[in-house]
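Chemist: Take a look at this one; I'll ask things after.
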Amino acid sequence: MGYQAHFRVWRGDADGGDLHDFTVEANEGEVVLDIIHRLQATQCGDLAVRWNCKAGKCGSCSAEINGRPRLMCMTRMSEFAEDEVVTVTPMRAFPVIRDLVTDVSFNYEKAREIPAFSPPKGVAAGDYRMHQVDVGRSQEFRKCIECFLCQNTCHVLRDHEENKPAFAGPRFLMRIAELEMHPLDSLRENTGADRTEVAQQEHGLGYCNITKCCTEVCPEQIKITDNALIPMKERVADRRYDPLVWLGNKIRRR
Ligand code: SF4
Ligand code: F3S
Ligand code: FES
């Protein structure tokens, strides 16, 4: 049975905006993105919203629903009472372009700064061999759909624009962890650069104080904090403070 849903949607642009109230039809089985589309189709044809797959896989429809960072296409209307006001606002950590669309280019800039996978010398691509346990570890990280909800949620970025140059955020620290844990990555052998030091010195791993908010909002249920960020912090500590590891690194770098 359909009903009239109460929506409060942020409308505006980089110069400012405010919340607008709408009453929109909702039907059984629908998600928040369906209601936003109906709003576009029936009441505000110029409402800006980014989406693509409507299946939780493209990472485009990220927004804040009743203050919580979520994918609009994966948030069922049945979660809310029929008389509840559902408030939809753009992600707060990124500059608004218009309405629910934000400029997430910060994330692409951070992605470009991370040194790419560095293959081992003398092994042809078809001859790469890895243990299943190593494949499994990095597969978890590769489930990322780049929705940037973790980036939007982490307080280091969300409340502190000034941290952005120094802190890559959980998604990209996880990307460094993925490469650091890759058994065939040979960045250190090939260039002398150490991914744990890259994470610590250039991408602000030390800013993360393990609040785990990033993990809580990840729609792919990736254990960002436990499986990527904490192991990276442990590796930094091992390399810096274990005298044998320190000596080994010194010798290897010669
Ligand atoms: Fe989104 Fe999770 Fe990837 Fe972060 S790690 S960008 S929350 S899918
Ligand atoms: Fe931020 Fe996640 Fe660390 S929310 S502080 S990156 S555990
Ligand atoms: Fe693709 Fe929501 S539209 S994740």
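Chemist: Which lysines, if any, have their Cα less than 21 Å from the Cα of Lys57, not counting same-chain residues under 8 positions apart?
Modeler: Output for Lys57: Lys143, Lys223.
Chemist: Fewest Cβ neighbours within 10 Å first, please rank Leu229, Leu187 accordingly. Let's see the in-between values first.
Modeler: On the way: Leu229 23, Leu187 19.
Going from least to most buried by this count: Leu187, Leu229.
Chemist: Starting from the exponent 0.38 and prefactor 2.2 Å, build the expected Rg for the stretch 115-254 from its residue count and divide its actual Cα Rg by it.
Modeler: Normalised by 2.2 N^0.38 Å, the Cα Rg of the stretch 115-254 equals 1.09.
Chemist: Report the extension gain between Gln43 and Thr23 in nm, rounded to one decimal, defined as 0.36 nm multiplied by the number of residues separating them, less their alpha carbon distance.
Modeler: That works out to 6.2 nm of additional length.
Chemist: What ³J(HN,Hα) values, in whole Hz, does the Karplus curve 6.51 cos²θ - 1.76 cosθ + 1.60 give for the stretch 226-232 when θ = phi - 60°, with x put for Gly and Pro?
Modeler: Karplus-based 3J(HN,Hα) across the stretch 226-232 equals 5, 9, 10, 6, 5, x, 5 Hz.
Chemist: Also, I was wondering about something else. Tabulate in residue order the Karplus-calculated ³J(HN,Hα) for the stretch 24-36, using 6.51 cos²θ - 1.76 cosθ + 1.60 with θ = phi - 60°, rounded to whole Hz; enter x for Gly and Pro.
Modeler: These are the phi-based 3J(HN,Hα) values: 9, 5, 10, 10, 3, x, 7, 10, 4, 4, 4, 5, 4 Hz.
Chemist: Okay, next question. Given the Cα atoms of the chain, and with Rh set as the inverse mean 1/r over their pairs in the Kirkwood sense, what is Rg to Rh to two decimals?
Modeler: With Rg and the Kirkwood Rh in hand, the quotient comes to 1.06.
Chemist: Here's a follow-up. Quick one: Lys233, Lys143, fewest Cβ neighbours within 10 Å first, how do they rank?
Modeler: Taking fewest neighbouring Cβ atoms as first place, the list is Lys143, Lys233.
Chemist: Hey, what do the phi angles of the stretch 78-84 turn into as Karplus ³J(HN,Hα) couplings, whole Hz, using 6.51/-1.76/1.60 and θ = phi - 60°, x for Gly and Pro?
Modeler: Rounded to whole hertz, the list is 5, 6, 10, 5, 4, 9, 7.
Chemist: Divide by every residue of the chain the summed helix terms, -39500 (n - 2.57) for each DSSP H run of at least 4, and state the resulting mean residue ellipticity at 222 nm, rounded to the nearest 500 deg cm²/dmol.
Modeler: Using -39500 (n - 2.57) per qualifying helix, the result is -9000 deg cm²/dmol.
Chemist: Sticking with this one: Add +1 for every Lys or Arg and -1 for every Asp or Glu among the other residues with Cβ under 13 Å from the Cβ of Asp34, and state the total. Display every interim value, and only then the final one.
Modeler: Details: positive: Arg38, Lys54, Arg76; negative: Glu25, Glu28, Glu30.
With Lys, Arg at +1 and Asp, Glu at -1, the neighbours total 0.
Each reported figure results from applying straightforward, stated rules to the coordinates on display, with no laboratory input. Everything numeric here is computed off the predicted structure, so don't read it as measured data. Virtual Cβ from ideal backbone geometry, glycine too; neighbours counted across all protein chains shown.
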